[in-house]
Amino acid sequence: MKPTTQPTSETPPPTLAGLSDYLDRLLSHDTVSDWPQARNGLQVENNGTVTKLGAAVDACETTFRMALEAGVDLLLVHHGIFWSGVAPVTGAAYRKLKLAIEGNLALYSSHLPLDLHPDLGNNVGLARAIGLPDPVPFFMEKGNPIGLRSETALDRDRLRQRLEEAVGAPVKLIPGGPQTARKIGLVTGGAGGEVFKAAGEGVDTFITGEGPHWSYTAAEELGVNLLFAGHYATETFGVKALARHLAGRYRLPWVFLDHPTGL
């Protein structure tokens, strides 16, 4: 856990309501469709003020504890607490809510809106990190292009090396396409099962986080290079960028709470 911004103002801390409203507008939560379980926006309240931000990929018991240990009172996540749908508040669900309420920890989540945001999103963050030139919107889902596409000429082994440097972990290359990647599509997270859709949109190389077993032979038969850089690893970019942006706007300290799954 590494603090990256320190407060520089004597002004009162921002209100949770004001900050949440700003995030809703910034991320276009009212216009970007998502799966119902995402429940984008404020998921848990605190006492109404924010003095320190935390960023994490997943709203899990471990990141809640990490946030409280770091003095965070607003945790920004990509995967919120409602992915399993409405369920009894027992077991881990109870423990997480108890931690948040007793620790004055607010929770704000953004899924597809954060993936596709043109400046702060997971996709644009990873595209910048690996040096993809002039990326344009790609891969329609829920009425919006949630990925990016770039035309270039890059050796696929060099592309894998860039990815490994960007995510800090090994990258799986399925060499089903050309040695020189010229039409590269990118969708962070778990889009490997959509290799047919990606190929249908004209890419010869598809970067994502993870995919099913059958995606290997599908990529071979489609003539597409498929690179798996990790679901978790490819989705750290957005929450970091979002926290950094808010920290600058509201003069707040922030910390990234790293809890990698290796998947």
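The values are calculated or read from the model by the stated rules, or taken from the named source; none is laboratory data. Every value quoted in this text rests on a predicted model; they were computed, and no experiment measured them. Counting neighbours? That spans all protein chains shown, and the Cβs are built from the backbone with ideal geometry, glycine included.
Note on segment 41-154: enclosed helices (runs of 4 or more DSSP H) holding 2 or more residues that are within 15 Å of the chain's Cα centre (by Cα) are 112-116, 122-130.
Cβ-Cβ distances below 6 Å connect the following pairs, each with a first residue in segment 229-249 that is closer than 23 Å to Gly185 by Cα, a second residue that is acidic (Asp, Glu), and a separation of six or more residues or different chains: His231/Glu210. None of Gly143, Gly131, Gly147, Gly91 is farther than 23 Å from Pro36 by Cα and among the small types (Gly, Ala, Ser) except Gly131.
Residues that are crowded, with 17+ Cβ neighbours inside 10 Å and among the β-branched types (Val, Ile, Thr) occur in segment 199-206; there is at least one. Only residues that are among the charged types (D, E, K, R) and over 20 Å from Glu151 (Cα atoms): list them for segment 162-193, please. Glu164, Glu165, Lys172 - these are the residues of segment 162-193 that are among the charged types (D, E, K, R) and over 20 Å from Glu151 (Cα atoms). Applying the criterion of at least 2 residues that are of a type in the set (A, V, I, L, M) to the strands (runs of 3 or more DSSP E) found wholly in segment 160-263 leaves 172-175, 180-186, 225-228.
Filtered by the rule that a residue be surrounded by 22 or more Cβ atoms within 10 Å (Cβ to Cβ) and either within 21 Å of Pro118 (Cβ to Cβ) or at pLDDT below 95 (or both), segment 230-263 gives Thr234, Glu235, Thr236, Phe237, Gly238, Val239, Leu242, Ala243, Leu246.
Listed here are the residues, each with its yes/no results for (1) of a type in the set (Lys, Arg); (2) in contact with a helix residue (DSSP H, G or I) (Cβ under 6 Å, 6 or more places away or on another chain).
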site: Ala106; (1), (2): no, yes
site: Ala129; (1), (2): no, yes
site: Pro133; (1), (2): no, no
site: Gly143; (1), (2): no, no
site: Ala153; (1), (2): no, no
site: Arg162; (1), (2): yes, yes
